[in-house]
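Data block below; observations after.
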Ligand SMILES: Cc1cc2nc3c(=O)[nH]c(=O)nc-3n(C[C@H](O)[C@H](O)[C@H](O)COP(=O)(O)OP(=O)(O)OC[C@H]3O[C@@H](n4cnc5c(N)ncnc54)[C@H](O)[C@@H]3O)c2cc1C
């Protein structure tokens, strides 16, 4: 247990942070001259060739000198090699298989993907231990990458050593798992143990297609399991099964002292708690984790339609009707995913459901669809309402047969059949982000007397930019057991009272600033970013305490400690100080990062 003293220390450090809203450049400017810094290539203290050779032996040869695939484009932007690279940047599996690439190429005025100098392509815990010890002893900037899907660029850094867990992707399904040391307090339960480098699509294949069970993960199948769980993590059915982090039963984690620890409710309980949503990568390198599994719903389904309004007045009426319908019929465990509100007066509906059959889902939607069809100034595309057997929800070949176009496959020669992804996620492969904002909307906005307030805010926001309502990323309406489990995580408590996470974002195709022939349109991107901010500001007027979801939020998030974790931040900081007092694991806007410069190289305050 953490001592009271540590909690007080945590609170004290928090109070020393001048303002939660301190910006990066202000902090970088505050770095004292001569402050202790991690080493870069060419610095005195950068490891010698023979020291790198020692690490290579320590990791059984799994040390890679990382080359950027962009070198081909820098040499000749018109070369076949460069063209081939940009084609492959639309294949998330290709990106995931490169130590030098990340799913997001970069973010306007924020970050650009930078390869590490060296990577340890870890295959087992001992390799991770050796890399952590080397980075600590040699004072290196360390980064950890699993699925490579950090929007915020947290899994890459120039001049760093990368621990790359891609190959640690074993998946084992259990009928009766008991966390180590918990036999006296926990009954055996069905679970799955997943290596740190595994992605969700492969976990679903093993758990659902293979074993007929359900595990709570993310929507995008190529996101890494370890990265998503540590941020909290939501998927289409989180209103029934909760946040992924709340399903965590146990993790093996290598902490900054190089010790591989078992964290669960009975062993290292504070570290365990921090891993359930305290932000990925701040507490150590997770090498494997075990998640509970659930009975598989008999059916999963989708409701898809697009409704267009012919005037602003008609659109406002449409939004008002949808808000009332959602509040009365959909804010419950059956329903998740998306409604998208666009400036061109279009409402796109892509709602997922579980535990209902097609007839039940149709009956629920009938009143709203009939009402919309009866309005002269609305045009509705015929609604698709489909349901299928639970077992085939993540079965690539069944999906290709029954829902052609819904999935795309890794088209490299010899790629496994399990390497598929949602065509809806294609735009995000290799994307360059223009802007991204998120906030949770409190459930009080669904009370009838607030419907018009909510409608006005949605209308106002959608005048600036498209607003996506991710209903499954707010847990209001979930079963009591799920809400209790979420309260036992470090996520911002706003999540349990929110009926949705609003996401407002824009992106362009793969692009790298300064790369001839492949540079982003910065002026256009800045225009998008400004509109996104305006749209988010409209929603914050009605959800001022809405915080933001750490894994899907703005790079420039103000007040990030409170936005991501609310009142849980001091407790998280105490865990950080206990397990990583010297800040080996630096994540920008991660727990304890106030002590570091923006790039994680310079310790502020000279400690
Ligand atoms: C296209 C896309 C779709 C997404 N969809 C969803 C979604 O449906 N639901 C949702 O909740 N989130 C979603 N996210 C957000 C996602 O959950 C987070 O970005 C998550 O951290 C990604 O994990 P990763 O392993 O893929 O990424 P990486 O970039 O490899 O890592 C992300 C962070 O996790 C850390 N990390 C990775 N592995 C380890 C490890 N073994 N030990 C310690 N730290 C580690 C990294 O250091 C980094 O800080 C999405 C992101 C993208 C880009």
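Taken together, the values in this text are just the output of simple stated rules run on the coordinates, not laboratory data. A quick note: this is a predicted structure, and the numbers were derived from the prediction, not measured. Positions of Cβ are generated from backbone atoms using ideal geometry, with glycine treated the same way; all protein chains shown enter the neighbour counts.
Given the -39500 (n - 2.57) contribution per DSSP H run of 4+ residues, what per-residue ellipticity at 222 nm results for the chain, rounded to the nearest 500 deg cm²/dmol?
Calculated from helices alone, the mean residue ellipticity at 222 nm is -9000 deg cm²/dmol.
Relative contact order (percent) for the stretch 267-403, with alpha-carbon contacts under 8 angstrom and 6 or more residues of separation?
35 percent
Sort 524-534, 367-377, 282-292, 593-603 by packing, meaning the average of other beta carbons within 10 Å per residue, with the highest value first.
282-292, 593-603, 524-534, 367-377
With everything on Cα atoms, drop me the angle between helix 569-579 and the longest principal axis of the chain, reported from 0 to 90° to the nearest 10.
Tilt of helix 569-579: around 30 degrees.
How many percent of the alpha carbon pairs in the stretch 514-554 exceed a separation of 12 Å?
Looking at the stretch 514-554, the distances longer than 12 Å represent 71 percent of pairs.
For the stretch 217-288, report the % of Cα-Cα distances exceeding 18 Å.
33 percent
Where does helix 49-58 land angle-wise versus the long Cα axis of the chain, in degrees 0 to 90, nearest 10?
60 degrees
Arranged by the count of other C-beta atoms within 10 angstrom, fewest first, what order do 434, 464 take?
464, 434
Which order, highest average first, do 326-332, 62-68 follow once you tally other Cβ atoms within 10 Å for each residue and take the mean per peptide?
Output ranking for 326-332, 62-68: 326-332, 62-68.
Please report the relative contact order for the chain, taking Cα pairs under 8 Å with a sequence separation of at least 6, and give it as a percent rounded to a whole number.
18 percent
Have a look at the stretch 550-607 and give its Rg and Dmax from the Cα atoms, expressed in angstrom.
11.4, 32
Return, for the Cα atoms of the chain, the radius of gyration and Dmax in Å, separated by a comma.
Cα-based Rg and Dmax for the chain come out at 23.7, 77 Å.
When 507, 270 are ordered from fewest to most other Cβ atoms inside 10 Å of their Cβ, what list results?
Fewest to most other Cβ atoms nearby, the residues stand as 270, 507.
Determine, from the Cβ-Cβ distance of residue 81 and residue 530 and an R0 of 41 Å, the FRET efficiency 1/(1 + (r/R0)^6), rounded to the nearest 0.05.
That gives a FRET efficiency of 0.65.
Report, to the nearest 10°, how far helix 522-542 tilts away from the longest principal axis of the Cα atoms in the chain, using its own Cα long axis and a range of 0 to 90°.
That helix lies at roughly 60 degrees to the long axis.
Just want the ordering: 241, 432, 272, from fewest to most Cβ atoms lying within 10 Å of their own Cβ.
Ascending number of Cβ neighbours within 10 Å: 272, 432, 241.
Distance between the C-alpha centers of the stretch 264-297 and the stretch 553-607? Whole Å please.
19 Å
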